[in-house]
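Student: I'd like to ask some things about the structure below.
The values are calculated or read from the model by the stated rules, or taken from the named source; none is laboratory data. What you see is a predicted model; the values in this text were computed from it and never measured. Positions of Cβ are generated from backbone atoms using ideal geometry, with glycine treated the same way; all protein chains shown enter the neighbour counts.
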Amino acid sequence: MSFPIYVIYSAGLFLWTISSIHYDSPLPAAQYGLGQLLILAALTIMFMADKGKKAIPGLVIAAVFCSLGLSIAYRFAGEKASIQLEDVYTGDLISMIVVFFIVYLLIRFTNIYRIKLINLLAGGGLLLAVYGARLTSALTGGSYLYFGGIMIFGWALLAFPFTAAFLISRREDSYVRGNVRSLPWNLMLMLLYVIILFAGCVLCNEFGLILIIGLTATVLFFIRCRNLLTKCFYTISCAGAAVLSAMKVPHVHDRMQIWLHPAAAAGSEDLAGKAESVLYLFRHLGQAGLWGRGIGSLPVSYYPTLNTDHVMVTLINDYSLILAGLVLALSLFFIRWLLTLPDGLCGYDRYLNLTTALLFGFLILVHTASNLGSFLTAGIGFPWISEGSSVNIMLTVLLAVHCGLLGKKAIS
Amino acid sequence: MKMLFELLTIAALGFLTLQMGFSCRKTDAGEGAAQAAWTVRALRLQPAKRTLWSLLAGLPSGSGDSAGLPLDSCFLGNGLFDDCKVDAAGPRIRLYLNVQEDQIWLTVLTGSIVIGGSRYRRDPRSRIAIHDLDRIKLRDIELEFVKRR
């Protein structure tokens, strides 16, 4: 039943978007239409292949987000200099679908992702990407964000779940100082790994990644660590590091000021142009009302990241508060779906799935909170609705991992 | 016309959200519970002393019970916050079980236990290997560990 409703939704959104914004060139509309057809085709294949239909609810929600991503991409197409396929959302969508099916088949029908060497390579590769970005990439907005043409945020989304699951699910064979009350060595290694990763992120000035990985690692650590004193020490260390970065890192300090004192920040010359997205909602939410102000009503010059880090502001203003609310409700169901798994899978699979669900959950939570002014601007996009090819492709990999795990049999 | 498309989109999305909500409630995909590799069976050796504490803690009042142990670590003892609770009388007993495929590594964190006539007291640095059908005694409770085939 969800499949035909999705078709109605995507057709309605397509017609709504096309009738709202007209371009001289037919290319943006053609790319949008092609993207919709690609999503439909992928969904149809999965609908036929997934016998138990366990993957369908999550895939339909992901398709809803991708459709919105296409609409947002069309809405901002006029602002772009290039409309080549590799530079637009439809091009990303082709890569996402291809990657999805490859990873889905690998996870569902093989166990190669559990091989120790592959997981070690993933962990090492992530460190290489983070430190390599600092050494090789050019500055982008004050940060070193790319390694090998892919955002390090994307590298982290791909590699961290595998590395974390590998380290956490190791057998507890020895403990720090030989005392069972202390940390087991596998958990200690995970902590050390995360600290080294964070140091690289600090060098790259990529604090959004620290936030997401930090939140995910904290939940995993608290689940596995059974020593209250260690948990307290960990919490105090994290809180101390957060306060230190808020005081000493200039752009984090600025964002903190905007978050805590938005009215004062609006009048500050030093913060000019940095507080607009948060303040926009406060000033214009009444005008947007429940039904929005219409697609294309918010000029991109108002804030340059309205199709990426501040896409929720665009949804509320252009597409209506109701639609944004429904998207958030669907996000909750999506996380709930990500947390379901067949009983009896091995520890590695369960932690891999949990890490995936946590990453999605924190991405959505931090993005929404940042956009609504409940949290400082974190520079995090909404999965698939925000533009960002490498991050969206890596999120699709995680989606494929979960779909593959849903189809796996319990270990005997 | 734009209004019509907007209504159509939002109505379809609303319907889809409702449907997802219902499908989440009745999902049969499972909660990802780990498969138990061992079973621990508890047998009471003498009548239980019912106290207000044991009543509040919701400890079982029967003469025997069993639980599955997945390949993981857990606390077993007579405290309220232990993962696997036993209704052993007297002062606090707390054991750390590191459940592995071939054996269980047991560490006595609080109190003492008896295995095969030998008493093991609190020692967080030592690990005792428990094999299939081994029995341990926690005062008035005897636990038997059985490996699942």
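Student: Working only within region A:232-286, note down all residues that are at pLDDT below 80, within 26 Å of the chain's Cα centre (by Cα) and not in a helix (DSSP H, G or I).
Tutor: A:Gly273, A:Lys274, A:Ala275
Student: Just to be sure, is A:Phe14 aromatic (Phe, Trp, Tyr) and within 14 Å of chain B (Cβ to nearest Cβ)?
Tutor: Yes.
Student: Given (1) crowded, with 22+ Cβ neighbours inside 10 Å; (2) within 22 Å of the chain's Cα centre (by Cα); (3) within 14 Å of chain B (Cβ to nearest Cβ); (4) of a type outside the set (D, E, K, R), identify the lone condition not met by A:Tyr6.
Tutor: (2)
Student: Hey, another quick one. For region A:160-167, state whether one or more residues are surrounded by fewer than 23 Cβ atoms within 10 Å (Cβ to Cβ) and not polar (S, T, N, Q).
Tutor: no
Table: residues versus (1) within 14 Å of chain B (Cβ to nearest Cβ); (2) over 17 Å from A:Tyr146 (Cα atoms); (3) not charged (D, E, K, R).
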| residue | (1), (2), (3) |
| --- | --- |
| A:Val194 | no, yes, yes |
| A:Ala199 | no, no, yes |
| A:Asn205 | no, no, yes |
| A:Gly208 | no, no, yes |
| A:Gly214 | no, yes, yes |
| A:Arg226 | yes, yes, no |
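Student: With respect to B:Leu43, determine if the residue is more than 8 Å from chain A (Cβ to nearest Cβ) and modelled with pLDDT of 70 or more.
Tutor: Answer is yes for this residue.
Student: What residue, among those in region A:100-154 that are touching a strand residue (DSSP E or B) at 6+ places or on another chain (Cβ under 6 Å) and part of a loop (DSSP other than H, G, I, E, B), is surrounded by the fewest Cβ atoms within 10 Å (Cβ to Cβ)?
Tutor: Here the residue is A:Ser137.
Student: Applying the selection to region B:135-149, what residues are surrounded by fewer than 18 Cβ atoms within 10 Å (Cβ to Cβ) and not in a strand (DSSP E or B)?
Tutor: B:Asp140, B:Arg148, B:Arg149
Student: Checking A:Val401 against (1) at the interface with chain B (Cβ under 10 Å from one of its Cβ atoms); (2) part of a helix (DSSP H, G or I); (3) buried (at least 21 other Cβ atoms within 10 Å of the Cβ); (4) more than 14 Å from the chain's Cα centre (by Cα), which single condition isn't satisfied?
Tutor: It fails just one condition, (1).
Student: Separate question: Which ones in region A:1-40 are closer than 21 Å to A:Leu399 by Cα and either among the aromatic types (Phe, Trp, Tyr) or out of contact with any helix residue (DSSP H, G or I) (no Cβ under 8 Å at 6 or more places or on another chain) (or both)?
Tutor: A:Phe3, A:Tyr6, A:Leu37
Student: If you don't mind, another one. Contact list please: Cβ distance under 8 Å, first residue in region A:352-369 and under 13 Å from A:Phe162 (Cβ atoms), second residue surrounded by fewer than 22 Cβ atoms within 10 Å (Cβ to Cβ) and among the acidic types (Asp, Glu), pairs at least six apart or on different chains.
Tutor: That search, which allows pairs on different chains as well, returns nothing.
Student: Does region A:153-172 contain at least one residue that is of a type in the set (Ser, Thr, Tyr) and more than 25 Å from A:His251 (Cα to Cα)?
Tutor: Checked against the condition, which is being of a type in the set (Ser, Thr, Tyr) and more than 25 Å from A:His251 (Cα to Cα), region A:153-172 yields at least one hit.
Student: For the condition under 19 Å from the mean Cα position of the chain (by Cα) and at negative phi, what is the one hit in A:Ala138, A:Ala129, A:Ala133?
Tutor: A:Ala129
Student: With the condition kept exactly as written, say whether any residue in region A:89-99 is more than 14 Å from chain B (Cβ to nearest Cβ), among the aromatic types (Phe, Trp, Tyr), touching a Leu at 6+ places or on another chain (Cβ under 9 Å) and crowded, with 21+ Cβ neighbours inside 10 Å.
Tutor: Yes; the residues of region A:89-99 include at least one that is more than 14 Å from chain B (Cβ to nearest Cβ), among the aromatic types (Phe, Trp, Tyr), touching a Leu at 6+ places or on another chain (Cβ under 9 Å) and crowded, with 21+ Cβ neighbours inside 10 Å.
Student: Collect the residues in region A:292-318 that are within 14 Å of chain B (Cβ to nearest Cβ) and touching an Asp or Glu at 6+ places or on another chain (Cβ under 7 Å), keeping them in residue-number order.
Tutor: A:Gly292, A:Arg293, A:Gly294, A:Ile295, A:Gly296, A:Ser297
Student: Additional query: Based on what the data block shows, is A:Leu332 among the hydrophobic types (A, V, I, L, M, F, W, C), surrounded by 22 or more Cβ atoms within 10 Å (Cβ to Cβ), within 14 Å of chain B (Cβ to nearest Cβ) and within 15 Å of the chain's Cα centre (by Cα)?
Tutor: No: the conditions fail for A:Leu332.
Student: Can you name the residue in region A:341-370 that is of a type in the set (Ser, Thr, Tyr) and within 11 Å of another protein chain (Cβ to nearest Cβ) and, of all such residues, is surrounded by the most Cβ atoms within 10 Å (Cβ to Cβ)?
Tutor: Selected residue: A:Tyr351.
Student: Could I ask something else about it? Among the candidates A:Ala29, A:Ala11, A:Ala41, which residue alone is touching a Phe, Trp or Tyr at 6+ places or on another chain (Cβ under 8 Å), of a type outside the set (S, T, N, Q) and closer than 22 Å to A:Met96 by Cα?
Tutor: After ruling out the rest, the residue left standing is A:Ala29.
Student: Condition first: farther than 20 Å from A:Leu70 by Cβ and among the acidic types (Asp, Glu). Can you find one or more residues in region A:382-395 that meet it?
Tutor: No: region A:382-395 contains no residue that is farther than 20 Å from A:Leu70 by Cβ and among the acidic types (Asp, Glu).
Student: Would you be able to tell me the number of residues in region A:314-332 that are touching a residue at least 24 places away in the same chain (Cβ under 8 Å), of a type in the set (A, V, I, L, M) and over 21 Å from B:Lys2 (Cα atoms)?
Tutor: Adding up the residues that qualify gives 2.
Student: Next question. Listed residues A:Tyr32, A:Tyr23; which is modelled with pLDDT under 95, more than 9 Å from chain B (Cβ to nearest Cβ) and surrounded by 20 or more Cβ atoms within 10 Å (Cβ to Cβ)?
Tutor: A:Tyr32
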